[in-house]
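A.B. asks: Please find one structure pasted underneath; my questions will follow.
The values are calculated or read from the model by the stated rules, or taken from the named source; none is laboratory data. Everything numeric here is computed off the predicted structure, so don't read it as measured data. So basically every Cβ, Gly included, is an ideal-geometry build from the backbone, and we count neighbours across all protein chains shown. To get the accessible areas, we keep the full protein, side chains included, count just its heavy atoms, and leave off ligands, DNA and RNA. Shrake-Rupley method; radii C 1.70, N 1.55, O 1.52, S 1.80 Å.
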Amino acid sequence: ILANMSHEIRTPLTAIIGFADVLVEESPPQLREHAETIRAGGGRLLDTLNSVLDLARLDSDNHELHAEPFDVVGAVRQSVSLLAPLAHKKGLALHLEADTPTVHVRQSSSGLDRIITNLVGNAIKFTEGGEIRVSVHSADTYFAVRVRDTGVGIDESFLGDLFEPFKQESEGHSRSHEGTGLGLAITKRLSERMGGDIRVWSRKSQGSLFEVSLPRVAPGVTGAAVAAEALSGDGAGVLGTAPAGWHAQAV
């Protein structure tokens, strides 16, 4: 039902955005701002629709992610490079580090790309000055990706609701940033579907650090039982040292 509804909404919405693109290019200057508003509003609605549909799919029992062999460092580098222009536009430094040149895994490359896109995109959105550091770490049976920023940070009282759908720290007329509050909910579900977990440390006005730990072999693939055992033990917590004075939330 949701897929059919999304099709009925997406088709006319795509047409609206398309005609808005034409109007932006061809309208006289006094009308161009209105056309840009229509285009931006349509794009925001389409993003919301796609996020709601993605969340519904991840909550569905029959949704499966396709595991394939790939290099995590290369995949993360590609995902980060696509977001670099957004960071540079805000004057932010965006760094990528890895403790080894390659990390070969058998996982969902599309799932990892969505996780990195969500976390780095959020870091850019909520950081007005300073830098964002993305780092890749590896162990025998798992790997982890960390995204640390120097942004607004998260209040300790909100950490428990951080991964709930449609929840945002600033709401109503006092909202400081646009968004649906679905990005982190999707990121958490993706991490779990890929056999891993996500942790966060933050301090208001000082920044946030998100860490996603995943098995090198996805659940359901030969060798996944060993990877899952490592994640359920101390392995996933090797990187989980909280920055001094920062509040932590593991989910």
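A.B. asks: What is the calculated FRET efficiency for ARG10 to ARG193, with r their C-beta to C-beta distance and R₀ = 25 Å, to the nearest 0.05?
C.D. replies: Once the sixth-power term is evaluated, E becomes 0.55.
A.B. asks: Label HIS95 and GLU33 with points 7 Å out from Cα along Cα→Cβ: what is the distance between them in nm?
C.D. replies: With each label point 7 Å from Cα toward Cβ, the separation is 4.1 nm.
A.B. asks: Something else now. GLU128 to LEU82: extension gain in nm, 0.36 nm per residue of separation minus the Cα-Cα distance?
C.D. replies: 14.6 nm
A.B. asks: For SER108, what charge total do you get from the other residues with a beta carbon under 11 Å from its beta carbon, if Lys and Arg give +1 and Asp and Glu give -1? Walk me through the numbers on the way to the answer.
C.D. replies: Working: positive: ARG106, ARG114, ARG193; negative: GLU64, GLU68, ASP113.
It works out to a net charge of 0.
A.B. asks: Around VAL217, which amide H atoms from residues at least 5 apart in sequence, or from another chain, sit under 5 Å from its own amide H, with H modelled in the peptide plane?
C.D. replies: Close amide H contacts, sequence-distant or interchain: ARG106.
A.B. asks: Rounded, prolate or oblate, given the Cα gyration tensor of region 52-162, with a/c below 1.5 counting as rounded?
C.D. replies: Working: a/c = 1.75, a/b = 1.20, b/c = 1.47.
It comes out oblate by the Cα gyration axes.
A.B. asks: What accessible area, in Å² to the nearest ten, does a 1.4 Å probe give for LEU96?
C.D. replies: Approximately 60 Å² for this residue.
A.B. asks: Let me ask another. For labels at SER157 and ASP71 in the simple 7 Å Cα→Cβ model, what's the distance in nm?
C.D. replies: With each label placed 7 Å out from Cα toward Cβ, I get 4.8 nm.
A.B. asks: Counting pairs of alpha carbon atoms under 8 Å apart in space and at least six apart in sequence, what relative contact order in percent does region 28-117 give?
C.D. replies: The value is 36 percent.
A.B. asks: I would also like to ask the following. Counting only the heavy atoms of the protein chains, how much of VAL80 is accessible to a 1.4 Å probe, in Å² to the nearest 10?
C.D. replies: 10 Å²
A.B. asks: Oh, and also: In region 68-149, what GluC sites (Glu not before Pro) fall in a loop by DSSP, with at most 12 other Cβ atoms inside 10 Å?
C.D. replies: GLU128
A.B. asks: From a point 7 Å beyond the Cα of ALA40 in the direction of its Cβ, which residues of region 86-103 have a backbone N at a distance under 19 Å?
C.D. replies: Those under the cut-off are 86-91.
A.B. asks: Once phi is turned into θ = phi - 60°, what whole-Hz ³J(HN,Hα) does the Karplus curve with 6.51, -1.76 and 1.60 give for every residue of region 129-135, x standing for Gly and Pro?
C.D. replies: Here the 3J(HN,Hα) series is x, x, 8, 10, 10, 10, 9 Hz.
A.B. asks: May I ask you to evaluate 6.51 cos²θ - 1.76 cosθ + 1.60, the Karplus curve with θ = phi - 60°, for each residue of region 66-79 and list the ³J(HN,Hα) values in order in whole Hz, giving x for glycine and proline?
C.D. replies: Values per residue, Gly and Pro as x: 7, 8, 8, x, 6, 9, 4, 4, x, 5, 5, 4, 5, 4 Hz.
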